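The values are calculated or read from the model by the stated rules, or taken from the named source; none is laboratory data. Here the structure is a predicted model, which means the values were calculated and not measured. Cβ sites come from the backbone with ideal geometry, for glycine too, and all protein chains shown count toward neighbours.
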Amino acid sequence: MPSPDHRAMSGETWRWLIEKELRELAASRSYWLLLLVVGALVGHAFVTSVNLYAEASGIAGGPSALAQGLNPLEGIVVPTFGAYDLAATLLFPFVVIRLAASDKETGALALMLQSPASLWTSIIAKGIALLLAWLAAGVAGLAALLLWRGMGGHLFAPETWTVVLGHVLRGFLTIGIAAAAGALAASAASAAIIALTVTLGTWALDYVAAARGGAIASVAS
């Protein structure tokens, strides 16, 4: 059994490592650009979804039959959070790669390997910091949902949180792919090419599966 002093030191090490990674993210221009673009994409998607939802509901004099088939999940939640698909595919990998590859490029990795913390501890700390960063980017989506509720819209909590959880897992998958690319590639540019090849490749696979179906659709799912 480890002594209390050892456990306290381990907890202090974890806290220090996670704070270190969060400070690096806060100093990263790519992360602030991600937040800016995500806010703009989510805002545009939300406004567009609300306008289309209002038109389909008959507010502007449209047929009332359309209102019977309206669903806030498909009409508001999914389109609004669709902005995070773009962010996770095209923007977030660069944030992950910068954090994953910076220690290797600057030589900080060699110093870190000599510290009391193990390599796996450092990797997990980076993963936790990146996941927290992705959750912070989700504030824009949650603000849109709160705005929808403030406008009198209805949300079914289990369905809504399923969509939110799906995008959290999408970000977690992006972290894994981009971090692996950043660790294995010789440079950040090469890592970005690898990560984008994988993430964009999933889009291409979805398009082909939608057109042909069969075994490709099973792989895409």
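Being under 30 Å from residue 153 (Cα atoms), modelled with pLDDT under 90 and not aliphatic (A, V, I, L, M): is that true of residue 49 here? No, not satisfied.
The set of residues in the range 92-149 being at pLDDT 80 or above and not in a helix (DSSP H, G or I) consists of 138 alone. Taking the criterion of being surrounded by 15 or more Cβ atoms within 10 Å (Cβ to Cβ) and either over 17 Å from residue 41 (Cα atoms) or in contact with a strand residue (DSSP E or B) (Cβ under 9 Å, 6 or more places away or on another chain) (or both), the residues of the range 129-152 that qualify are 129, 130, 133.
In the set 162, 174, 202, only one residue is of a type in the set (Val, Ile, Thr) and either over 30 Å from residue 50 (Cα atoms) or surrounded by 15 or more Cβ atoms within 10 Å (Cβ to Cβ) (or both); that residue is 174. If the condition is being in contact (Cβ under 8 Å) with a residue 12 or more places away in the chain and over 14 Å from residue 89 (Cβ atoms), then the range 195-221 contributes 208, 209, 219, 220, 221. Suppose the filter is within 20 Å of residue 21 (Cβ to Cβ) and without any contact (Cβ under 8 Å) to a residue 12 or more places away in the chain; does residue 180 pass it? Here the answer is yes, as residue 180 does meet what is asked.
Of the numbered criteria (1) in contact with a Leu (Cβ under 9 Å, 6 or more places away or on another chain); (2) of a type outside the set (A, V, I, L, M); (3) at pLDDT 85 or above, the one residue 74 fails is (1).
Can you name the residue in the range 150-186 that is of a type in the set (Gly, Ala, Ser) and outside any helix (DSSP H, G or I) and, of all such residues, is farthest from residue 197 (Cα to Cα)? Let's see the steps before the verdict.
Within the range 150-186, the first condition is being of a type in the set (Gly, Ala, Ser), and the residues that meet it are 150, 152-153, 157, 166, 171, 176, 178-183, 185-186.
Narrowing the set further to residues that are outside any helix (DSSP H, G or I) leaves 152-153, 185-186.
Details: 152: 42, 153: 39, 185: 13, 186: 16 Å.
Looking at residues that are of a type in the set (Gly, Ala, Ser) and outside any helix (DSSP H, G or I), I get 152.
For the range 165-221, residues that are farther than 29 Å from residue 30 by Cα and aliphatic (A, V, I, L, M) total 9. Residue-level analysis places residue 204 outside the set of residues that are of a type in the set (Gly, Ala, Ser) and either within 18 Å of residue 97 (Cα to Cα) or modelled with pLDDT of 90 or more (or both).
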